[in-house]
Amino acid sequence: MSGRQGKPALGLYIHIPFCKAKCAYCDFYSLAHSEEKMDAYMAALLRHLEEVAPRAAGMQVDTVYFGGGTPSYLGAARLCRILQTVLRRYDVARDAEITLEANPETVTEQTLCGFREAGVNRISFGVQSARDTQLRTLGRPHSAKQARAAFAAARRAGFENISGDI
């Protein structure tokens with residue numbers, strides 16, 4: 001598949017393994033209660049992005065996807081640094097989709113504004129259910145009301161492309 005300028009397209013998936021708590025049904029690599037490891041992980045990730053950037057020469061990034069874990073749990077400042085490195089070292093298309101996975105309880109309107117200002121243009125909320133009884137059964141740390149509030153905060157922060165994993 002070709003990118004916008006006839007260059008081969010490249011999608012970047014950036015795994016952020018941190019979560020407030022590990023969900024019983026989750027099969028993804030994630031680390032709960034490991035906030036003390038976030039800075040070291042970010043530093044290693046930045047080194048890796050720098051190290052592999054030359055291999056992407058001649059390609060255009062059309063998608064950047066922050067998955068996890070709960071990437072929003074890393075915080076706007078750290079994610080901004082990671083995204084700045086991507087934008088500086090890779091040929092990212094002007095209309096590239098830059099997605100951040102987030103859980104409703106890990107965001108505020110202020111942090112969402114920070115993500116938006118950093119360049120994130122799509123947010124994907126891990127909602128799982130709109131029913132509090134199901135959320136409790138799944139061990140989710142948010143309520144249906146918090147999920148609705150997160151969607152509204154994302155709209156106020158300027159996000160037009162919002163999805164929810166159910």
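Could you work out the helix-only [θ] at 222 nm for the chain, with each DSSP H run of four or more residues adding -39,500 (n - 2.57) and the total divided by the number of residues, to the nearest 500 deg cm²/dmol? Could the numbers behind the result be given before it?
Working: 5 runs with 59 residues, N = 166.
Taking each H run of at least 4 residues, the total per residue is -11000 deg cm²/dmol.
Relative contact order of the chain: what whole-number percent is it, with Cα pairs under 8 angstrom and at least 6 residues apart?
On the way: 297 pairs, mean separation 36.5, N = 166.
Relative CO of the chain lands at 22 percent.
Quick one: net charge of Asn121's neighbours, Cβ under 12 Å, K/R +1, D/E -1?
On the way: positive: Arg94, Arg116, Arg122; negative: Asp95, Glu97, Glu117, Glu160.
Net of charged neighbours comes to -1.
So for each of 86-94, 119-127 I average, over its residues, the number of other beta carbons within 10 Å; can you give me the resulting order with the highest mean first? Provide the component values of the computation, followed by the final result.
On the way: 86-94: 15.9, 119-127: 21.0.
Top of the packing list down: 119-127, 86-94.
Between Ile14 and residues 5 or more places away or on another chain, which pairs have amide H atoms under 5 Å apart, with H built 1.01 Å from N, and which residues are they?
Result for Ile14 returns Tyr65, Phe66, Gly67.
For Glu36 and Arg156 in one chain, what is 0.36 nm times their gap in residues minus the Cα-Cα distance, to one decimal in nm?
Values: separation 120, 0.36 × 120 = 43.20 nm, distance 3.13 nm.
Full extension from Glu36 to Arg156 adds 40.1 nm.
In whole Hz, what ³J(HN,Hα) sequence does segment 73-78 give by Karplus (6.51, -1.76, 1.60; θ = phi - 60°), x for Gly and Pro?
Each residue of segment 73-78 in turn: 5, 5, x, 5, 5, 5 Hz.
Using a 7 Å offset from the Cα along the Cα-to-Cβ direction at both Tyr13 and Asp165, what is the distance between the two label points in nm, to one decimal?
1.2
If each of Ala77 and Gln110 carries a label point 7 Å out from its Cα toward its Cβ, how far apart are those two points in nm?
According to this spin-label approximation, the distance is 1.2 nm.
A short reminder: the numbers here are calculations on the coordinates, not readings from a lab. Please read these numbers as outputs of a predicted model, since none were measured by experiment. Here the Cβ is made from the backbone with ideal geometry for all residues, glycine too, and neighbour counts use every protein chain on show.
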